[in-house]
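The values are calculated or read from the model by the stated rules, or taken from the named source; none is laboratory data. Keep in mind the model is a prediction, meaning the values are calculated, not measured. In this analysis, Cβ positions are derived from the backbone assuming ideal geometry, glycine residues included, and neighbour counts consider all displayed protein chains.
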Amino acid sequence: MSTAKWCFMGTTLLVLGASLASAQTSFDLNVGFGSAWDSSNSGGIDNASSLNAFGACTPNSGDANCESLPGLNGFFLGFGGDLMLYKHFGVGFEASLQPSRETYGPLASRQAFYDVNGIYAPIATKRAALQLEAGVGGARTGFAYTESGCVGTAVCTTSTEPVGTANHLNVHVGVGVQIFLTEHIFIKPEFDFHYVPGLTNQFGSDAVPEGMVWVGYSFGER
């Protein structure tokens with residue numbers, strides 16, 4: 001290999017090394033607690049006593065077995081991780097879900113959101129950072145039916161069986177303030193907005209606001 005090529009490769013490696021050295025890389029793992037909200041879509045589902053069991057129905061239409069559908073709320077648990085490749089730019093993953101099923105007419109439901117995001121931190125200091133997020137992922141609504149039965153009066157059982165899921169695209173934006181309590185431990189209040197086309201099949205709107213408080217640990221430099 002010629003001297004010129006060796007010089008070029010050496011210069012390239014020096015530039016790349018300088019770039020990596022100047023980057024402030026950190027990796028965060030966090031768990032969150034909060035809630036998400038959506039209205040009811042005003043529809044209904046017939047219960048198991050109906051000839052139209054678990055079929056769509058209209059509440060207050062004279063169908064005694066028609067049960068109204070709820071809105072979305074309740075407790076959500078979150079899991080996430082962020083990789084800040086530079087002081088102001090990074091990527092991350094978030095997932096939030098209902099750890100317990102909620103009543104959905106005669107069924108039970110569990111809602112989940114997950115997304116991969118780009119992160120921009122216009123303000124980043126040793127003690128705090130403002131983070132803006134935007135990305136895409138999915139939304140999943142799982143449905144189940146709980147049935148109870150007894151043999152005489154001595155033995156009773158309750159079983160919950162999944163009966164289907166609804167999956168949709170999830171477009172996500174969020175803003176959070178990461179506050180460091182120690183050098184590595186932080187809390188991050190965050191407001192998120194999910195746009196989920198097709199979610200009106202389950203709830204009243206495709207737009208879902210969400211509020212979370214994340215607690216996490218940061219590895220690396222800031």
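Given the condition modelled with pLDDT under 95 and either touching a Leu at 6+ places or on another chain (Cβ under 7 Å) or loosely packed, with under 15 Cβ neighbours inside 10 Å (or both), answer yes or no: does some residue in region 203-213 qualify? The answer is no, given that none of the residues of region 203-213 is modelled with pLDDT under 95 and either touching a Leu at 6+ places or on another chain (Cβ under 7 Å) or loosely packed, with under 15 Cβ neighbours inside 10 Å (or both).
Counting the residues of region 86-101 that are charged (D, E, K, R) and modelled with pLDDT under 95 gives 2.
In this structure, SER49 does satisfy being loosely packed, with under 14 Cβ neighbours inside 10 Å and out of contact with any Cys (no Cβ under 6 Å at 6 or more places or on another chain). Please go through region 55-81 and give me each residue that is part of a loop (DSSP other than H, G, I, E, B) and either among the hydroxyl-bearing types (Ser, Thr, Tyr) or modelled with pLDDT under 90 (or both), ordered by number. Answer for region 55-81, where residues must be part of a loop (DSSP other than H, G, I, E, B) and either among the hydroxyl-bearing types (Ser, Thr, Tyr) or modelled with pLDDT under 90 (or both): THR58, ASN60, SER61, GLY62.
Please enumerate the residues belonging to region 115-167 that are without any contact (Cβ under 8 Å) to a residue 40 or more places away in the chain, among the β-branched types (Val, Ile, Thr) and surrounded by 18 or more Cβ atoms within 10 Å (Cβ to Cβ). Of everything in region 115-167, just one residue is without any contact (Cβ under 8 Å) to a residue 40 or more places away in the chain, among the β-branched types (Val, Ile, Thr) and surrounded by 18 or more Cβ atoms within 10 Å (Cβ to Cβ), namely ILE119.
Scanning region 90-114 for residues that are in contact with a strand residue (DSSP E or B) (Cβ under 6 Å, 6 or more places away or on another chain) and exposed (fewer than 15 other Cβ atoms within 10 Å of the Cβ) gives a single hit, PRO99. ASN117 falls short on exactly one of the conditions (1) of a type outside the set (A, V, I, L, M, F, W, C); (2) within 18 Å of VAL208 (Cα to Cα); (3) in contact with a Phe, Trp or Tyr (Cβ under 7 Å, 6 or more places away or on another chain); (4) outside any loop (DSSP other than H, G, I, E, B), and that condition is (3). For SER49, indicate whether it is small (Gly, Ala, Ser), out of contact with any Ser or Thr (no Cβ under 6 Å at 6 or more places or on another chain) and in a loop (DSSP other than H, G, I, E, B). In short, yes. All conditions but one from (1) in contact with a Lys or Arg (Cβ under 7 Å, 6 or more places away or on another chain); (2) over 28 Å from THR25 (Cα atoms) apply to GLU147; the one that does not is (1). Scanning region 170-202 for residues that are hydrophobic (A, V, I, L, M, F, W, C), in contact (Cβ under 8 Å) with a residue 12 or more places away in the chain and either surrounded by fewer than 17 Cβ atoms within 10 Å (Cβ to Cβ) or in a strand (DSSP E or B) (or both) returns VAL171, VAL173, VAL175, VAL177, ILE179, PHE180, ILE185, PHE186, ILE187, PHE191, PHE193.
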